[in-house]
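First comes the structure, then the notes that go with it.
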Amino acid sequence: MQRSRIFCDICVEKCPQKAITRNGEIFTIDSVKCAGCYTCVNVCPRGAIQEDFFEDFATDELGD
């Protein structure tokens with residue numbers, strides 16, 4: 001999943017799974033590495049990452 005957002009990098013630094021990377025203006029969450037712990041959601045000072053971003057991950061794992 002890729003989303004263009006605010007560029008503070010706190011989520012990249014705090015992700016315990018190192019599942020978030022940034023390339024220029026694009027942040028990518030690696031669905032294989034992401035454990036769904038919502039650390040990124042909790043540390044984001046502007047709410048740029050929301051829990052609903054992870055719905056696709058759950059759906060993929062259930063095979064829907």
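So here's what we get for this one:
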item: Environment charge at GLN17 (Cβ cut-off 12 Å; Lys +1, Arg +1, Asp -1, Glu -1); result: +2
item: Sequence of ILE29, ILE10 once ranked by neighbouring C-beta atoms within 10 Å, starting from the fewest; result: ILE10, ILE29
item: Segment 10-54: Rg to Rh, with Rh as the Kirkwood radius over Cα pairs; result: 0.90
item: Amide proton proximity set for CYS34, modelled H, under 5 Å, gap of 5+; result: none
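Every number here is computed from the coordinates shown, using simple stated rules; none is lab data. Remember, it's a predicted structure, so these values are computed and weren't measured experimentally. All Cβ positions, glycine included, derive from the backbone under ideal geometry; neighbour counts span all protein chains shown.
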